[in-house]
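Worksheet for the structure shown next.
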Amino acid sequence: MCFGVVFVLVYYFLYFVVEFAAIGLAAILIGVVLMLMPSEVMPSEPIKALLEGAVANIECILEEIAPQGKAVYCFIKDKVYAFVPVTINPVSADIIEAIKMPLRLIMNVEGSDLLAIIPPAPFREFPAEGDAESLLDSIIVNLMELADAVYLKKEGDYFVVRAIKPRFIGDYPRFTYSFGSLISCIAGTILAWCYKTVVQFEHETRLEKELVAVYRVIEHE
Amino acid sequence: MNRRYLFLALYSLAAFIIASSLIFLGERRLDVYLSLYILNYFIMVSIFDPKIKYRSFLNVVLFIIFILIVVFRVAEILGWKI
């Protein structure tokens, strides 16, 4: 940018050479954009590697406990937790009761066992407030490069997340059954975070160049 | 290639192509260069959607500059003196 400013000042006002001044203008604009782009963007590969490690750990826990249900993402005191029903799918009231209890790995609520997991997601990149679709795009597309585009649609009590050209990491069948793919897991976490609510992962459909994940809202705060 | 670097590379390449083309055509009006650079910025940003701090403020400033260039050119064509 400084180079551009000097070029413009010298060649336009001193030597009257418009061509070099134009090059200086281009340098100014490129310099401004470079200056305003954040320099501490983490490359996506290390983040994916770290989260895959977390997924692998969760897969081991799920293999041990063998839960039958789908993950329920709950926003509790500035964090998002995922409760995975061990036996049958609990009723909404059980999940809401579980939120009020001290957190343990396996929580027993009204006879239902719930496995409490912190879902693998880059929480440090979540802003305090924000639009859910922008955050989905920012995390899944820009930060982690797990898809080319992500869209969010609300249909009544359901959220539908569509990821275009998704990329999948590893083969973790238990994790995929309870949480869906890593994209679905992060999307569920983001939905609970942004709407400060409880959302249950319903199912995920993998099409040719698209992933569709459906979540049900259990509670609004 | 990382999207961020792709944006920077293509943005710079497009600016270089714009500058060289206009220099080759013998264009001597600096506002023509500036307006095309601004258009290039908006096109690249809309394609790649990069993370830029104060992006809205930058967009508004560049848009105002672009509009002023257009207004002055139109006024010149219409024979108005500003």
Please report the net charge: other residues with Cβ closer than 15 Å to the Cβ of A:A128, K and R +1, D and E -1.
0
Report the label-to-label distance for B:D49 and A:E133 in nanometres (one decimal), using points 7 Å from each Cα along the Cα→Cβ vector.
0.9
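At 1.4 Å probe size, put A:D113, A:D78 in order of accessible surface, largest to smallest.
If we order A:D113, A:D78 from most to least accessible, we get A:D78, A:D113.
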Within the accessible area of region A:1-137 (1.4 Å probe), percent carbon and sulfur:
62
Rank-order A:95-108, A:64-77 by packing density, defined as the average count of other C-beta atoms within 10 Å over each peptide's residues, highest first.
A:64-77, A:95-108
Report the calculated FRET efficiency for A:L50 and B:F42 (r = Cβ-Cβ distance, R0 = 35 Å), to the nearest 0.05.
0.45
Rounded to one decimal in nm, the spacing of the 7 Å Cα→Cβ label points at A:K77 and A:Y177 is 3.2
For the pair A and B, the solvent-accessible area buried on both sides (1.4 Å probe; DNA, RNA and ligands excluded), in Å² to the nearest hundred, is 2300
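By the scheme Lys and Arg +1, Asp and Glu -1, what is the net charge of all other residues having a beta-carbon under 9 Å from that of A:V150?
Here the charged neighbours net out to -2.
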Using a Förster distance of 22 Å, how high is the FRET efficiency between A:F3 and B:I65, based on the Cβ-Cβ distance and rounded to 0.05?
0.60
Sequence of A:E110, A:E19 from largest to smallest accessible area, 1.4 Å probe
A:E110, A:E19
With chain A treated as a Gaussian network of Cα nodes joined by springs under 10 Å, which of A:A27, A:A54, A:A147 yields the largest mean-square fluctuation?
A:A27
Compare A:T197, A:T176 by solvent-accessible area with a 1.4 Å probe and give them largest first, with all protein chains kept in place.
A:T176, A:T197
Please compute the alpha carbon radius of gyration of the protein assembly as shown, then divide it by the globular-protein estimate 2.2 N^0.38 Å. Two decimals is fine.
1.34
What fraction of the Cα pairs in chain B, stated in percent, has a spacing above 15 angstrom?
64
A chain fully extended from B:R29 to B:L78 at 0.36 nm per residue, minus the present Cα-Cα distance, gains in nm 15.8 nm
In whole Hz, what ³J(HN,Hα) sequence does region A:95-109 give by Karplus (6.51, -1.76, 1.60; θ = phi - 60°), x for Gly and Pro?
5, 5, 5, 4, 4, 7, 8, x, 6, 9, 5, 10, 10, 9, 10
Over all residues in A:6-18, what is the mean tally of Cβ atoms on other chains that come within 10 Å of each residue's Cβ?
1
Chain lengthening between A:E202 and A:N57 when straightened (0.36 nm per residue, less Cα-Cα)
49.9 nm
Can you tell which of B:L13, B:L58, B:L25 shows the greatest fluctuation in a Gaussian network model of chain B with Cα springs below 10 Å?
B:L25
If I ignore ligands, DNA and RNA and count only protein heavy atoms, how much of A:R216 is accessible to a 1.4 Å probe, in Å² to the nearest 10?
70
Taking a probe of 1.4 Å and leaving out DNA, RNA and ligands, chain A shows per residue an accessible area in Å² of 49
Report A:V86's accessible area, 1.4 Å probe, all protein chains in place, as a number in Å² to the nearest 10.
20
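The values are calculated or read from the model by the stated rules, or taken from the named source; none is laboratory data. It should be emphasised that the depicted structure is a prediction, and the values quoted were computed from it without experimental measurement. Methodologically, a virtual Cβ is constructed for each residue, glycine included, from the backbone with ideal geometry; neighbour enumeration extends over all protein chains shown. Ligands, DNA and RNA are stripped out before the accessible areas are found, and what is left, the full protein with its side chains, is counted by its heavy atoms. Shrake-Rupley method; radii C 1.70, N 1.55, O 1.52, S 1.80 Å.
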